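Down below is the structure, laid out as structure tokens.
The values are calculated or read from the model by the stated rules, or taken from the named source; none is laboratory data. Here the structure is a predicted model, which means the values were calculated and not measured. FYI the Cβ positions are ideal-geometry reconstructions off the backbone, even for glycines, and counts take in every protein chain you see.
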Amino acid sequence: MAYLALYRAWRPQRFDEVVGQEQTVIALQNAVRENRLAHAYLFSGPRGTGKTSIAKIVAKAANCEQLQDGEPCNNCSCCQDINNGNFMDVIEIDAASNRGIDEIRDLKEKVRVLPAQGKRKVYIIDEVHMLTMEAFNALLKTLEEPPNSVMFILATTEPQKIPATIRSRCQNYYFRRLTMEEIQGRLVQVAQVNNMEVEAAALDIIARRANGGMRDALSTLDQVNSYRGEYITKTDVLDVLGLVDDVFLAQLIDAAWKGDTGQVLRMLAAALQQGKEAQQIARETTLYLRDLLLYHTTGQDTDLAVATEASLTALQQQKKAGTNRILQALRILADTADKLRFSEGQRFILEMAFLEITALFAQEEPVAPSTSKKPTAAKAAPPAPADTSETTEARDTMWNRILAGVKERKIPTHALLSPGRLLGMKEETVYIGYRKGYKFHKEKMEEKENRGILMEVLQEIAGRIVEVQFVFLDDDQYNDIVVKKAIELFGEDIVEIKD
Ligand SMILES: Nc1ncnc2c1ncn2[C@@H]1O[C@H](COP(=O)(O)OP(=O)(O)OP(=O)(O)O)[C@@H](O)[C@H]1O
Ligand SMILES: [Mg+2]
Ligand SMILES: [Zn+2]
């Protein structure tokens, strides 16, 4: 027998098999019991929450020959034909397809034709928000004076796109996202029947990532099962979904928190090496920081997006970072995740973001502005320059990479560049400083060819085109002093973005 996807095998066939959606189920089952099903229903709600499933149950209930306390019997020929998709009077229309639109146009005539096989014709129109205005009008005409033998069930994930004229002619039911418990409960049941052994942490992640949709949860379980077999661990799920382990994220933030730049870079390298996507790492860290913030402000461990019990201790510790810094780090990473969507060669961008966060954590947590002051006070206290030895080390690492790239291309250019110093990056421009005595080098580097070589290297590392500016430093000392000079030259902004 052909393999039937889990989510299809587990489509609820009776009202009492539906998980959640209690009000909808009770109302509809009562209507069946009392033989007062409406002519038109609008089911709206997120993907995979039971709209089509319940529409089919209603269609069966409207035609079943042996109703059992408001439930279809699933046994009579009508029920069986509907379950197999062979029932002539249950017509499913996909409004998103061209054929769907044609079918709506023909509706006006077709609805007059009496049911061929059962008691009531049921039109199930999926993705109804996709209909054109013309099709909506055709549908509206039909809904205005529907024959008794016809019933419409419209389903949509985007009810706001349905004209009010249509909505007001339907009985409206809103389908909610299913809870973690509801999804996990079903997963446990499915796993048991299918002889799968699924770690609790694995179930937790599947349920969480399904975001309230049962279909996605079952599809993930299916996918992990066919990929890893019957024994399913948390790591299996993370791998299949391309996610990053929350314990890894906790350790990464720990390393940043401790200012251990080397460790941060090593961990990022290892994750990329394992095939995790840079964007995913940024995104997941954003979610982790969001959890940290939530945990910090509410002290609750419910509704966490990625942190699980395994990372709770770390979360507890990292609260020390304070709201402001967590928020800032969150913004840096959210921006980075955004940037990473559009560029290849992303390692540099990811590293930059994490180095920036490391620098950020090295700063004092700014004191919250007193209530008497306007929120603009926060802006008046810019982050202090974080010229710690860690950020210097990070900048050196980056500078060495740039120098190596230039050296590979042209040794004389490397000789001109190497007395310079990487100051930082502001907007899309990388700033490189020279001491006063290096006027020749600076001017040579500004020439088209040398500049071009450097920009090529920067582009390769950054994964996008960046500008470069050479500036003079009027101090003989390097390292931390360079950063201070950079502040003088460009204002605090530039120092905010380290290496
Ligand atoms: N409330 C639920 N109870 C039990 N299983 C559910 C529920 N909702 C969805 N499922 C599972 O997900 C599958 C898909 O559900 P269904 O087709 O009813 O979703 P839908 O709301 O119509 O989604 P879409 O908006 O994507 O069409 C079902 O076959 C079933 O396995
Ligand atoms: Mg559906
Ligand atoms: Zn039946």
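Residues that are among the hydrophobic types (A, V, I, L, M, F, W, C), within 16 Å of ligand 2 (Cβ to nearest atom) and touching an Asp or Glu at 6+ places or on another chain (Cβ under 8 Å) occur in the range 95-113; there is at least one. Of all the numbered requirements in (1) more than 16 Å from ligand 3 (Cβ to nearest atom); (2) touching a Lys or Arg at 6+ places or on another chain (Cβ under 7 Å), PRO115 misses one, and that requirement is (1). The requirement of being basic (Lys, Arg) and within 14 Å of ligand 2 (Cβ to nearest atom) is fulfilled somewhere in the range 55-77, by at least one residue. Pairs under 7 Å by beta carbon, first residue in the same structural domain as THR165 (by TED's automatic domain parsing) and hydrophobic (A, V, I, L, M, F, W, C) in the range 38-57, partner within 11 Å of ligand 2 (Cβ to nearest atom) and assigned to a helix (DSSP H, G or I), six or more apart or different chains? As it stands, the answer is PHE43/LYS51; PHE43/ILE54; PHE43/ALA55, since those pairs meet every condition given. For the range 100-130, a residue qualifies if it is touching a strand residue (DSSP E or B) at 6+ places or on another chain (Cβ under 8 Å) and more than 30 Å from GLN66 (Cβ to Cβ), and the qualifying residues are GLY100, GLU103, ILE104, LEU107, GLU127, VAL128, HIS129. What residue, among those in the range 78-98 that are free of Cβ contacts under 8 Å to residues at least 24 places away in the same chain and within 8 Å of ligand 3 (Cβ to nearest atom), is surrounded by the most Cβ atoms within 10 Å (Cβ to Cβ)? Here the residue is CYS79.
Here ILE54 clears all of (1) outside any helix (DSSP H, G or I); (2) hydrophobic (A, V, I, L, M, F, W, C); (3) more than 11 Å from ligand 3 (Cβ to nearest atom) except the condition numbered (1). Among residues of the range 193-207 being under 24 Å from the mean Cα position of the chain (by Cα) and free of Cβ contacts under 8 Å to residues at least 24 places away in the same chain, the one that is surrounded by the most Cβ atoms within 10 Å (Cβ to Cβ) is LEU203. Taking the criterion of being of a type in the set (S, T, N, Q) and within 7 Å of ligand 1 (Cβ to nearest atom), the residues of the range 40-59 that qualify are THR49, THR52, SER53. From the list THR142, THR157, the lone residue that is in the same structural domain as THR49 (by TED's automatic domain parsing) and under 24 Å from PRO46 (Cα atoms) is THR157.
Of the helices (runs of 4 or more DSSP H) that lie entirely inside the range 412-499, those containing 3 or more residues that are touching a helix residue (DSSP H, G or I) at 6+ places or on another chain (Cβ under 8 Å) and at pLDDT 55 or above span 439-446, 448-462. The set of residues in the range 60-77 that are buried (at least 22 other Cβ atoms within 10 Å of the Cβ) and within 16 Å of ligand 1 (Cβ to nearest atom) comprises LYS60, ALA61, PRO72.
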